[in-house]
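Participant: Okay, handing you the structure first.
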Amino acid sequence: MKVVYFAFSMVVSLCAVLCCPEEDIFNGDVYIANTQDDVSIVDNVNYINLGDTIYISTKINNEHITINETTFFIDDYISEEYPINTSLALFKLNPYGNIENVSLNNDAISVIIGSTELIQDINNAYLSVKLIKEEQFYVNIFGITPLETGTYFIGSSYYQYNNGLIEIYSSNDVGTVQINTTLLNANENGLYQFEVN
């Protein structure tokens, strides 16, 4: 039995050395801050007509304080590969009373500040929202033009899994920052509801 245990221990140790080279182990800082209402609907619009555009604004401070009262600056954790960004999505109430993801096309997206890219994956469509720096803030403003009438919602593309919080994050070789924020005037699920007539 000792021989089997020794052999097993050697295999596990060898695997750890070969599969996890030291340079691949992440040792950077990780900072998480909680804020509120950094994402909002411009002019707090609740009703639009078919063909109109609803605008979403994201504006966060460069400086944040973690729950452990450590101060960090987003500037220190930005990289070209991983800029400060979040993911949002458009949802619609279906005829059965369920909220479902809405597929969009690029013509339905209007970018005002920053960069917003439509991502179509197998399960749903979402918007990759990249913020740019303006003075001491990181900002993005974009619009969505719904393609049909109905009851719509805007929120985190993962609202079902993160209590409706919107996670804004960035990373570089020094470390990672994540700002957990909310959508101003959202419902209990973190979704902003509006009607298209």
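Participant: Mind listing just one residue for me: the one in the stretch 147-156 that is not in a strand (DSSP E or B) and not charged (D, E, K, R) and, of those, surrounded by the most Cβ atoms within 10 Å (Cβ to Cβ)?
Facilitator: The qualifying residue surrounded by the most Cβ atoms within 10 Å (Cβ to Cβ) is LEU147.
Participant: Collect the residues in the stretch 136-146 that are assigned to a loop (DSSP other than H, G, I, E, B) and crowded, with 16+ Cβ neighbours inside 10 Å, keeping them in residue-number order.
Facilitator: THR145, PRO146, listed by residue number.
Participant: Then there's this: Just to be sure before I move on: is GLU117 of a type in the set (D, E, K, R) and more than 13 Å from SER157 (Cβ to Cβ) in the structure I sent?
Facilitator: no
Participant: Consider only pairs whose beta carbons are under 6 Å apart and that are at least six residues apart or on different chains; among these, list those whose first residue lies in the stretch 170-182 and is over 13 Å from HIS64 (Cα atoms) and whose second residue is charged (D, E, K, R).
Facilitator: The qualifying pairs are GLY175/ASP29; THR182/ASP37.
Participant: When the residues of the stretch 160-169 are narrowed to those that are under 18 Å from SER57 (Cα atoms) and either surrounded by 18 or more Cβ atoms within 10 Å (Cβ to Cβ) or of a type outside the set (D, E, K, R) (or both), which ends up modelled with the lowest pLDDT?
Facilitator: Checking each candidate, the answer is GLY164.
Conditions tested, residue by residue: (1) at pLDDT 95 or above; (2) within 16 Å of the chain's Cα centre (by Cα); (3) not aliphatic (A, V, I, L, M).
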residue: ILE112; (1), (2), (3): yes, no, no
residue: PHE142; (1), (2), (3): yes, yes, yes
residue: THR151; (1), (2), (3): yes, no, yes
residue: VAL174; (1), (2), (3): no, no, no
residue: THR182; (1), (2), (3): yes, yes, yes
residue: ASN189; (1), (2), (3): no, yes, yes
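Participant: To continue, here is another question. Can you give me the ranges of the strands (runs of 3 or more DSSP E) entirely in the stretch 64-113 with at least 1 residues that are farther than 27 Å from ASN189 by Cβ and polar (S, T, N, Q)?
Facilitator: 71-73
Residue-wise test of (1) under 25 Å from ASN162 (Cβ atoms); (2) modelled with pLDDT of 95 or more.
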residue: ALA16; (1), (2): no, no
residue: PRO21; (1), (2): no, no
residue: ILE48; (1), (2): no, yes
residue: GLU63; (1), (2): yes, yes
residue: THR66; (1), (2): yes, no
residue: THR86; (1), (2): yes, yes
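Participant: Determine, yes or no, whether LEU127 is surrounded by 16 or more Cβ atoms within 10 Å (Cβ to Cβ) and not in a strand (DSSP E or B).
Facilitator: In short, no.
Participant: Sticking with this structure for a sec: Output the number of residues of the stretch 170-192 satisfying the condition of being buried (at least 18 other Cβ atoms within 10 Å of the Cβ) and under 20 Å from ASN94 (Cα atoms).
Facilitator: Count: 4.
Participant: Which ones in the stretch 26-76 are under 22 Å from ASN140 (Cβ atoms) and exposed (fewer than 12 other Cβ atoms within 10 Å of the Cβ)?
Facilitator: Within the stretch 26-76, GLN36, ASP43, ASN44 qualify.
Participant: Does ILE122 meet the test of being free of Cβ contacts under 8 Å to residues at least 24 places away in the same chain and either outside any loop (DSSP other than H, G, I, E, B) or of a type in the set (A, V, I, L, M) (or both)?
Facilitator: yes
Participant: Here is a follow-up. Would you confirm whether or not the stretch 146-169 contains a residue that is touching a helix residue (DSSP H, G or I) at 6+ places or on another chain (Cβ under 6 Å) and either within 13 Å of ALA89 (Cα to Cα) or of a type outside the set (A, V, I, L, M) (or both)?
Facilitator: No, that holds for no residue.
The values are calculated or read from the model by the stated rules, or taken from the named source; none is laboratory data. If you're wondering where the values come from, they're calculated on a predicted model, not measured in any experiment. Ideal geometry is used to build each Cβ from the backbone, glycine not excepted, and the neighbour counts take in all protein chains shown.
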